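For reference, the structure discussed in these notes is given below.
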Amino acid sequence: MSAPRCGYCGAPTMNGTLCLKGKNGDPRCWPRLLDLLGRCDGLEADLESAIGKRGRYGEQVRGTTAPGLPINPAAVEVRGELYTALADALRGLGTPRLPVTIDGTARALLDTQDALRRSYRAPVLLGDLEALVHRAVAITDIPKGTPGVRAMICPACHRRQFLRSVGGTLECTRCGERSTVEAVRHAS
């Protein structure tokens, strides 16, 4: 009789569908899944911000002074896929009522760790989260030193406008002229 194998990497596992430790004691699949679930908690607000200051169904969020931004389709797509992956795993564990947010679903999965560890959905969830969390973080993370371009003065039309980044330059949404970051900073 052979030892059970991890459903994700194929390493031997004593119990559960994901392995606990690798050859040299380095953490493997189960700790990685817990880490990714922990990163999902709190990601919803970042994705909502990346979508463009809009609510769940596209309406303008009340109480904000920031001008509405164009909707980021990549952020909308990854938010939907991330929620679907988490909800499918939770639904597979027999949870009758699903939370409506990514954060709540990730917390519910973290609360049901014992059932998740034994479930065949754990390797599938790990594979999904490996890709989706990476995409979500790439969309929501803004590197330090990136200039804020919202509500800057356009050097061409001399009006305070939203400028979008196009190939290393900033393009005015009103007049369509492209300017360098230095020119925009000088005009502002």
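If I take R0 = 45 Å and measure r between the Cβ atoms of C157 and D35 in this structure, what FRET efficiency does the formula 1/(1 + (r/R0)^6) give, to the nearest 0.05?
Working: r = 48 Å, r/R0 = 1.07.
Once the sixth-power term is evaluated, E becomes 0.40.
7 Å from Cα along Cα→Cβ at both T173 and D88: what's the point-to-point distance in nm?
3.5 nm
Along the range 101-116, what does the Karplus equation 6.51 cos²θ - 1.76 cosθ + 1.60 (θ = phi - 60°) give for ³J(HN,Hα), rounded to whole Hz, x for Gly and Pro?
So the Karplus estimates, Gly and Pro as x, are 10, 5, 4, x, 5, 5, 5, 5, 5, 5, 6, 10, 4, 4, 5, 5 Hz.
What spacing in nm lies between the two simple spin-label points modelled at A115 and A74, each 7 Å away from Cα in the Cβ direction?
Label at A115, label at A74, 3.6 nm between them.
All of the numbers you see were taken from the coordinates with simple rules; none came from a lab. Please read all numbers here as calculations on a predicted model, not as lab measurements. Neighbour counts run over all protein chains shown; Cβ positions are idealised from the backbone, glycine included.
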